[in-house]
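Visitor: Sharing a structure with you now.
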Amino acid sequence: MDEARRPLAVITRPRADAEALAARVERAGFAALVEPLLEIRPTVAAMPPLDGYAALAFTSANAARAFAVRAAAREMPAYAVGATTAAALRAAGGTTVRARGPDVAGMAREIARDLPPRARVLYPSGKAVARALDSLLPGIRVDRLVVYDAVPAHALSQSLVDALYTRTVH
């Protein structure tokens, strides 16, 4: 099918995740327009010494990538929610990655099973989180470290505006 006739899919994921998704969408026969509605920006929070932690816990691939740039904790046990977050940790050199379920509650159950009471877990995350990990782990100390912020886009690209006006978005 020629490019002009292929249905257009708009990929709104942050850029780090959008390119791979756009490639899959194009293989499925769509044209893809990458239009991130969020920009992932690393924060400048101070990195704590890691030697007092039993494990790391990640609920997003963005946190895994942002943390990996700042820390050399490749050998520490790391828990990840879902395959995408686990893949981001492994791509950053993580060697002891445990992918646990599709949600934070499943990961928390695994951490509680694996770690002794009063263990410390470092939780690198975004500025906004859907669910607080510490509330799911009574008896385990969870220290949250904000490593990125997701900043909304303030304008749409001219390519998307043109596609909307010509009604080529499906």
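The values are calculated or read from the model by the stated rules, or taken from the named source; none is laboratory data. Since the structure is predicted, the reported quantities are computational estimates derived from the model, not experimental observations. We place every Cβ from the backbone using ideal geometry, glycine too, and count neighbours over all the protein chains shown. Keep in mind that these areas ignore ligands, DNA and RNA; they rest on the heavy atoms of the full protein, side chains included. Shrake-Rupley method; radii C 1.70, N 1.55, O 1.52, S 1.80 Å.
Visitor: As I understand it, the value is the acute angle between the Cα axis of helix 104-114 and the longest principal axis of the Cα atoms of the chain; what does it come to in degrees, rounded to 10?
Guide: 30
Visitor: Right, something else. Whole-Å semi-axes of the stretch 61-158's equivalent ellipsoid, largest first, each the root of 5 times a Cα gyration tensor eigenvalue?
Guide: Calculated on Cα positions only, the semi-axes equal 24, 16, 13 Å.
Visitor: What angle, in degrees between 0 and 90 and rounded to the nearest 10, separates the Cα long axis of helix 15-27 from the longest principal axis of the Cα atoms of the chain?
Guide: Between helix and principal axis, roughly 50 degrees.
Visitor: State the answer as a single residue: which of 55, 36, 102 lies farthest towards the positive end of the charge dipole of the chain, with beta carbon charges of +1 for Lys and Arg and -1 for Asp and Glu, about the Cα centre.
Guide: After comparing all options, I get 55.
Visitor: If you don't mind, another one. Compute the distribution of all C-alpha to C-alpha distances in the stretch 67-119, in bins of 5 Å from 0, and list the percent of pairs in each, rounded to whole numbers.
Guide: Per 5 Å bin, starting at zero, the Cα-Cα P(r) for the stretch 67-119 comes out as 4, 22, 27, 22, 19, 6, 0 percent.
Visitor: Taking the Cα-to-Cβ direction at residue 46 and at residue 26 and moving 7 Å from each Cα, how far apart do the two end points lie in nm?
Guide: Label at residue 46, label at residue 26, 4.6 nm between them.
Visitor: Between the helical axis of 82-91 and the dominant principal axis of the chain, each derived from Cα atoms, what acute angle in degrees is found, rounded to the nearest 10?
Guide: Relative to the chain, helix 82-91 is tipped by roughly 80 degrees.
Visitor: Once you have the Kirkwood Rh of the stretch 109-170 from its Cα pairs, apply Stokes-Einstein at 37 °C and 0.692 mPa s and quote D in µm²/s.
Guide: Once the numbers are plugged in, D ends up at 217 µm²/s.
Visitor: Nearest 0.05, what FRET efficiency do residue 150 and residue 5 give at R0 = 45 Å with Cβ-Cβ as r?
Guide: Numbers: r = 35 Å, r/R0 = 0.77.
It comes to 0.80.
Visitor: Between residue 15 and residue 157, with labels modelled 7 Å along Cα→Cβ, what's the label distance in nm to one decimal, could you check?
Guide: 1.0
Visitor: Same structure, new question: Using the heavy atoms of the protein chains and a 1.4 angstrom probe, tell me the accessible area per residue for the stretch 71-170 in square angstrom. Write out the running numbers ahead of the final one.
Guide: Values: 5740 Å² over 100 residues.
Using a 1.4 Å probe on heavy atoms only, each residue of the stretch 71-170 averages 57 Å².
Visitor: Starting at the first residue of the stretch 53-62, write each ³J(HN,Hα) from the Karplus equation 6.51 cos²θ - 1.76 cosθ + 1.60 with θ = phi - 60°, in whole Hz, x for Gly and Pro.
Guide: 9, 7, 6, 10, 9, 10, 10, 8, 5, 4
Visitor: Quick one: with all protein chains in place, what share of the accessible area of the chain is carbon or sulfur, to the nearest percent (1.4 Å probe)? Present the calculation step by step, with values, prior to reporting the outcome.
Guide: Details: 5350 of 9710 Å².
Roughly 55 percent, rounded to a whole number.
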